[in-house]
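The values are calculated or read from the model by the stated rules, or taken from the named source; none is laboratory data. A quick note: this is a predicted structure, and the numbers were derived from the prediction, not measured. In this analysis, Cβ positions are derived from the backbone assuming ideal geometry, glycine residues included, and neighbour counts consider all displayed protein chains.
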Amino acid sequence: MEKKTAVVSKDANVEAKSGTTGSVFATIVIPLAVIACILIYIFVLGNPANFEGGSSENHPLPGNYLGIVYKGGFVVPILMALVLMVFIFSIERILTISRATGTKSVTSFVRTISARLNQHDINGAIAACDAQKGSVANVVKAGLLKYKEMQNEPELLKAEKVAAIQKEIEESTSLELPMLEKNLVIISTIASISTLTGLIGTVLGMIKAFAALATSGNPDATALSNGISEALINTAIGITGSALAIIAYNYFTSKIDALTYSIDEAGFSIISTFAAQHDSAPAVRQHTV
């Protein structure tokens, strides 16, 4: 019991450390992305060389897309930061899910575990988990170790042993899955707010455009064109950021679902094999008079 408690405590500490690391990563990345995009907006997009007459107050040079994007206004660096965050957190999720998958195909790994169980080779299955590594292998290994422990437990009924193995697999899964889903909430949030942020820029641009039309005499053509540019550029960047975030979120969700399904498949194989290979009658218990 003490050994089991120590193992669970160690796993809980690992999970807590992983959660803290993920939070720190997000806390660092978000402000850095915003600052970087503000600097890019000011010094790269707003470079006077991108505009007629060497001034950012004038029209962008023909075909100069950096100057055109600059005309989107102060909302542009915010939208750029959102797009940059989608890429950064997507790379982070790709690396995390790759580590969770292990060294080879999860499907092949699950087939290997099933084959070892059918051959009554529990030690071989555990060795396959050690070679595979990753979250799926960790969960399966926990189930196999409990399987091995229950084989040497004469005092329990088969149903009790099966329940113990299933509980071990569920507990191990609950420790591994949060690591896979971490930071996905940021990507899903960006998918929602990117379009809304772009809409704010669109509205501000249209306000400027109509204000230019409302001037007495001849409308201010420069202010009118800048207002329309601001509206369209913010719309385009906002929709792009939202689309990328939705694609990334759905992709990673499907990957996590596939890993979860593999864990469930391996767990079912472990439980069904144990149930098939062991009878339900416990050993005769010794009673003292």
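Quick grid of which residues meet (1) modelled with pLDDT of 90 or more; (2) under 29 Å from the mean Cα position of the chain (by Cα):
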position: 132; (1), (2): yes, yes
position: 140; (1), (2): yes, yes
position: 153; (1), (2): no, no
position: 157; (1), (2): no, no
position: 181; (1), (2): no, yes
position: 185; (1), (2): yes, yes
position: 189; (1), (2): yes, yes
position: 193; (1), (2): yes, yes
position: 197; (1), (2): yes, yes
Just to be sure before I move on: is residue 35 free of Cβ contacts under 8 Å to residues at least 60 places away in the same chain, part of a helix (DSSP H, G or I) and out of contact with any helix residue (DSSP H, G or I) (no Cβ under 6 Å at 6 or more places or on another chain) in the structure I sent? yes
Just need a number here: residues in the stretch 44-63 that are hydroxyl-bearing (Ser, Thr, Tyr) and under 40 Å from the mean Cα position of the chain (by Cα). 1
For the subset of the stretch 111-123 comprising residues that are buried (at least 19 other Cβ atoms within 10 Å of the Cβ) and touching a residue at least 60 places away in the same chain (Cβ under 8 Å), which member is farthest from residue 179 (Cα to Cα)? 117
Of all residues in the stretch 51-84 being among the charged types (D, E, K, R) and surrounded by fewer than 22 Cβ atoms within 10 Å (Cβ to Cβ), the one that is nearest to residue 187 (Cα to Cα): 57
For the stretch 124-153, give me each residue that is touching a residue at least 24 places away in the same chain (Cβ under 8 Å) and of a type in the set (S, T, N, Q). 132, 135, 138, 151
State which residue is surrounded by the fewest Cβ atoms within 10 Å (Cβ to Cβ) when the search covers only the stretch 93-110 and only residues that are more than 19 Å from the chain's Cα centre (by Cα), in contact (Cβ under 8 Å) with a residue 24 or more places away in the chain and part of a helix (DSSP H, G or I). 107
